[in-house]
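The values are calculated or read from the model by the stated rules, or taken from the named source; none is laboratory data. This one's a predicted model, so the numbers in the text were calculated from it and none came from an experiment. Methodologically, a virtual Cβ is constructed for each residue, glycine included, from the backbone with ideal geometry; neighbour enumeration extends over all protein chains shown.
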Amino acid sequence: MPITLITGPVGSGRTTLLFEKLSDALAKGKAVYIAPNETLATELRTAFLSFLEESGKRAALVGDIFLSLRSFVYRLTQKTPTMTSFQQTLLCFELLQSQQLRYFDPHHISFQIARDAASSIHTLKKNGISPEQLEVLLETRGSLQEYDLLTLFKRYETKREDLHLLDEGDLFQRACSLSYTGEIFVDEFTHLQPGERTLFQNLAAQTHMHLTLPEADDEHQPFASFLKKSISTLQPLTHTHQQLPKKNHEMAQTTLLSLRSSLDETRFCLQQLLGTEDESFSPAMIVTRQRSAFPKILFQEWKNVQNPERAPAPVSRIFSEILQISLPEEASLLTFAEQLRKSLQPTHSDPSLHLRFLHLLQTLSAQAHLLQLKTFSRTEFYEIIQFHLEQENIHQPQLPFETRSFERSISQPHPRIIIPEMNEGNIPFLAPEHFFFSDQLDFSASPNPLLDEIFPAADQLLALDAFRFYTFLTKATEEVVLTFSLLDHKGQETIPSSFVKNFGPPLPIESQVFSPEALQTLGTEALLQRITIEQERRAMRKDHLSYHGLIQDPEARKLLKERFTQECFSPSRLETYAECPMRFFFEKVLGLKPEEEITPEVQPKDRGTIIHALLECFYRDYRNLFSAALTDASKEKEISALLDQLLDEVFLQHDHLLQQSAPALRPFERKAIRKVIEKTLFLELETARALSTPLLPSHCEWIFGTEHVKPLSLSLENDDDILIQGRVDRIDVSHDGSSFLIVDYKTGKSIESIRKKIEDGLHLQIPLYIAAVQKLLLPHASALGGLLFAVMKGEKTSGMLKKEHNEKSFSLSSRSRALISEEEWEDLLETSFKYTRDYVTAIRNGNFSHLTSEPCKYCTFAQACRRGTS
Ligand code: SF4
């Protein structure tokens, strides 16, 4: 049987033509209309009923003939029960905990990774790829994470078969060998995956199939060629190909608006959705990314405006209630669920929430029983609960306005379409949404067309996003409103989407100004405070001192004074204060710590610790070998051979740091660190050989301000002395002990000149270390300066050094700003002492004010200091 292929641009009437054919087919017998997802299937059903009414045609709709592909497969396989995606994820989560992993760390498997793995297994199965076939495919594409996926896939299939369960992938494969008696209409697909092509090809062999695909103008490259490729793959199966011409279509008026913050954007959209009593709007559809939190925030804001007293509890509040309940360290899901069920108190503000949560616990117990899951840790259980709460939205009833996910697209015209969050990285998304097979720079020997098609690369997804965006614009009949915020929810600057560049400059919408009455309606005192703080910040005023980090409470000030008189200050602590007093307050007074990012690689700070330890070990224990190599180059071989032994020792000592990283990456890390250390040592030798009076490493990791060496003390007028402590990476001393130089290793990618920073009081470490060594360790030697050594780049270019010793005891370019005269030397030291005194005085007096109207970039405390939102 043939396929009738209908192609044409968006708005060319493909669906109307298909509706004509459908009504004819229904008059003759059975038919089914397949759409990519439930949303479009429902939309098409409504549109077909309107079509019948408007065209005067009649058709008997027996049963639901508008189905998503998933529902169609389910019906074709006679409604065989399958595992849900949550069950698949639970199973993968459990299996990953007990698996030999090459990329992931078994101690840091998140539920999100399990979800991505389950979704990738589903995609592979749907496209007819078994674990055995994947093993063969991975010979040409894939890196370590895909090998972990392969092992999981094999174990998942074994366990699933042992449990006699089927998943949707199995059903899809089964459907490929079944037949359907009736005409089939396939609409609104933009791209057919290999598995879908196999299914349709099989069905078309037995019945008449009508299939539409869109075409795009060349101006929508590269999506146009992407679509052409899809169409050409269907040509061999096509009996008739109807190409519809482009219709002249007047695009709706499009407005581009910028708002200051994401909260402003939400409120603005809410206002647009609800309208006011004086305005009459056509109902709007709001379009967001599937994973966006925007609809939830919108709902919360709407509830606040409607009735703040009865606003539903956000997930975070429900979750914090759960955290109060004592649970065992490790247990089965059944035990955890049972204990929570017994301990949870009904919530009076939202009684239905309690019932729904009990239902969730029951579901979890049933899943655990069905999948014969073993034990989970308490943290993993929390993760499962939180994930489920967020996924199921159990607390959130229907929104009072229409929302649509950007990925689900639109098939029918709509009067008003609002697309918020038009920011780069969101629309377009820019990165593949799938975690596995997303690394285009993997260890592949060559591309693999099958995997490349199933897991599209970022440029293909960008093209798909561009087409979806164009479709939404085309389907709007009255108005399109595009909005973006200038700052994201963390207070960081954002970039507007590249898709909006043709709409001219955006119209800025000022922050929503709330009247006192409106604020009362919103019912939140905290909001009033936030607005006051914001207004004072913008005007650079400090009317309410404590809002701006100036501690007023006498008791608190007394405590601060006591604490910071007794405690020693390190230069890096004072530098934190110099950069932002508020951050000093969060980090050093309150002791808040930003959450550490967990990655399979060794953390940069841990890599730095290992490099420091290796250099310390070498210069402390093999200083003589280094000295001998200065005059005898053949010793370099001995140094090189020694490095492997040192690496073994230091890696063993720092095993606890490496445990956080993926085992498969550790050999690469070791190789890279070895290279850096070897390069560093040989560079130091080469530089020292060219000097007339080279200095040699004499002290490594010298610590002052402890019980063994007293702190550096700095006097303060009318107050107690300031005590300074620190750890100097290395002190190089001349042969006769008459001069010294301090060296500070930096293991970051680059270092900038510090001369200006010293002048501005932002860098104190080198001057204070010089003063400490001079006073506490080498009082009779002359200080030549301090040097920052960028170990990763092998560069020594920054610091403060007396210029008359250049090319004698150290070597810097003669134009370097690090070289200074005796007079400048004294000035820089004095400047540093002055700043140190100012900072400590301010800290002891409770002054943590950082008054700036500028948004703060890349600060982990932006939310805590309320600079993350407006
Ligand atoms: S957000 Fe800004 S003001 Fe607040 S702690 Fe961070 S850098 Fe300082």
Inset, instruction - Output the number of the condition that LYS125 fails; it satisfies all remaining conditions of (1) in a helix (DSSP H, G or I); (2) crowded, with 21+ Cβ neighbours inside 10 Å; (3) touching a Leu at 6+ places or on another chain (Cβ under 9 Å). - result: (3)
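So that you can scan it fast, the table gives a plain yes or no per residue for (1) assigned to a helix (DSSP H, G or I); (2) crowded, with 16+ Cβ neighbours inside 10 Å; (3) touching a strand residue (DSSP E or B) at 6+ places or on another chain (Cβ under 9 Å):
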site: SER12; (1), (2), (3): no, yes, yes
site: THR15; (1), (2), (3): yes, yes, yes
site: VAL32; (1), (2), (3): no, yes, yes
site: PHE48; (1), (2), (3): yes, yes, yes
site: LEU52; (1), (2), (3): yes, yes, no
site: LEU61; (1), (2), (3): no, no, no
site: LEU67; (1), (2), (3): no, yes, yes
Legend entry - Condition met for ALA672 (out of contact with any Lys or Arg (no Cβ under 6 Å at 6 or more places or on another chain), in the same structural domain as TYR745 (by TED's automatic domain parsing) and not in a helix (DSSP H, G or I)): no
Legend entry - Any chance SER798 is loosely packed, with under 15 Cβ neighbours inside 10 Å and either in contact with an Asp or Glu (Cβ under 9 Å, 6 or more places away or on another chain) or at pLDDT below 90 (or both): no
Inset, instruction - Out of VAL773, VAL791, report the one residue that is at pLDDT 95 or above, away from the ligand (no atom under 16 Å from the Cβ) and closer than 26 Å to SER692 by Cα. - result: VAL773
Legend entry - Candidate set: the range 577-604, residues that are under 30 Å from LEU652 (Cβ atoms) and within 16 Å of the ligand (Cβ to nearest atom); chosen: the one modelled with the lowest pLDDT: GLU595
Legend entry - Verdict on LEU829 being farther than 28 Å from ILE610 by Cα and either part of a strand (DSSP E or B) or in contact (Cβ under 8 Å) with a residue 24 or more places away in the chain (or both): yes
Legend entry - Candidates ARG607, ARG563, ARG573 - the one that is charged (D, E, K, R), surrounded by 15 or more Cβ atoms within 10 Å (Cβ to Cβ) and modelled with pLDDT of 90 or more: ARG573
Inset, instruction - Have a look at TYR835, TYR839 and point out the one that is modelled with pLDDT of 90 or more, within 16 Å of the ligand (Cβ to nearest atom) and under 19 Å from GLY761 (Cα atoms). - result: TYR839
Inset, instruction - Could you look through the range 844-854, keep only residues that are more than 8 Å from the ligand (Cβ to nearest atom) and at pLDDT below 70, and pick out the one that is surrounded by the fewest Cβ atoms within 10 Å (Cβ to Cβ)? - result: GLU854
Legend entry - Residue within the range 747-755 that is part of a strand (DSSP E or B) and on the phi < 0 side of the Ramachandran plot present: no
Legend entry - Any hit, the range 721-732, residues being in a strand (DSSP E or B), over 30 Å from THR841 (Cβ atoms), free of Cβ contacts under 8 Å to residues at least 60 places away in the same chain and not basic (Lys, Arg): yes
Inset, instruction - Output the qualifying pairs, or none if there are none: Cβ atoms under 7 angstrom, residues six or more apart or on different chains, first residue in the range 606-622 and in a loop (DSSP other than H, G, I, E, B), second residue of a type in the set (A, V, I, L, M, F, W, C). - result: TYR622/LEU642
Inset, instruction - Examine the range 503-526 for a residue that is at pLDDT below 80, under 16 Å from CYS865 (Cβ atoms), among the hydrophobic types (A, V, I, L, M, F, W, C) and not assigned by TED's automatic domain parsing to the domain that holds SER261, and state whether such a residue exists. - result: yes
